[in-house]
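For reference, the structure discussed in these notes is given below.
Throughout, read-outs are computed from the coordinates displayed, never taken from laboratory work. Just so you know, these numbers come straight off a predicted model, no measurement behind them.
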Amino acid sequence: MKNVALIFGGQSAEHEISIISAMQILNGFTKEEFNLIPLFLSRENELFIVEGKCQSGDFKNPKENKKLKPAEFKFGQPILVYKQKIFKKNIKIDAAILATHGGIGEDGSLVALLKFCKIPVSAGNVCGQAVGYDKVISKLVLKSAKIPVIDCLFYYKNEWENAPTKILDAIKNLKFPVIVKPARQGSSIGITICKTIKDVVSAINLSLEFDNKFLVERAIENFSEFNCSVIGVSGSNPLVSEISEPKKVHEILTFEDKYIGSNKKSPIKSKAPENVKLESSSINPKISSLIKKYSYEAFNLLNLSGVIRIDFIYDKSRKRLYLNEINTVPGSLAYYFWGDKIGDINYLVSKLVEIAETSFYGEVKINQDLITNIL
């Protein structure tokens, strides 16, 4: 039986969403082929192994919960070490599935650690994750490949503190309204639509609570938002899903629209959340075709693997489609895009383990040795 680590939590504004994703997977998983081992990262990025059944409330005070045992990966080996009673226990980890949204769980850091420990991981590679996580860098990379994005200005916290007037003068040259958001954040956290330059000041200060880098871009007022998922390994014909059009109550799709009032607490099943309409038949065929094309190209461009979700914005007035954001570790692992088969949690876990092993062993076969007779 393979030991598969399900890693979740971590130091991130999306910490609680990560726990919800993990609970959905654990509650829906029944297959005996794998021993699914929950590994929890605290808000301080301390690692714990979860013993026995768990629920979302178990992770508020991890050091006080007897179900959670401090753990660590063995240096350079696929071994998890933790203390059980008075003895240390070693567990060989055959693969890891990441349900870590944001922070080190989505910026490539955790993938790098697991790769160093020779553990196949469902969400990789390091570079692709890092690029996808940074909205500014991803825009530049995608634009270079002729995938349309909304141009932006970007600044760092120290630039804002040292020269706010200069930055505001540059922003004034944009057409209002504009959107201000953290460069490295997800779940619509820290995003503000600004209609005046006065709004921009407070929006930048809010954004800097979540990241030390922010971007400003033109806000599209008459738009539709579409989501698409890709699963597989880049360069090996990954699968592209049907397209969803999420419902929004607010001016933009907010954290509340995404998570409050949805079926977030239920086990994973093929039905989409309440705020999602999943079908391509009602979408203009040309737009649908472009979304799938750009999703496939972006997945391969960033050399990604596992399951991702890509968000698009369609400007109805200008009739232009833009790739808005790449989520390399999507909420609930984007299960609802994949219907009755992949959308079943048992199949999804199996698929992600297969992807992790395919990516890992494909890299292992690459010749890393260069014999030069220098020494």
Over all directions, the average projected area of the alpha-carbon convex hull for segment 2-122 comes to how many nm²? 7.0 nm²
Segment 152-218 - percent relative contact order, Cα under 8 Å, separation 6 or more: 46 percent
One checks the Cα atoms of segment 152-218 and finds Rg and Dmax, in Å, of 10.5, 30
Over the chain, calculate the relative contact order: mean separation of alpha carbon pairs under 8 Å at least 6 apart, over the residue count, as a percent. 18 percent
Rounded to a whole number, the Stokes-Einstein D of segment 117-178 in µm²/s (Kirkwood radius over Cα pairs; 20 °C; 1.002 mPa s) is 148 µm²/s
Rg/Rh for the chain: what does it come to with C-alpha atoms and Rh from Kirkwood? 0.98
Rounded to whole angstrom, the alpha-carbon centroid of segment 4-81 lies from that of segment 313-330 at a distance of 33 Å
Sum of -39500 (n - 2.57) over DSSP H runs of 4+, divided by residues of the chain (222 nm, nearest 500): -9000 deg cm²/dmol
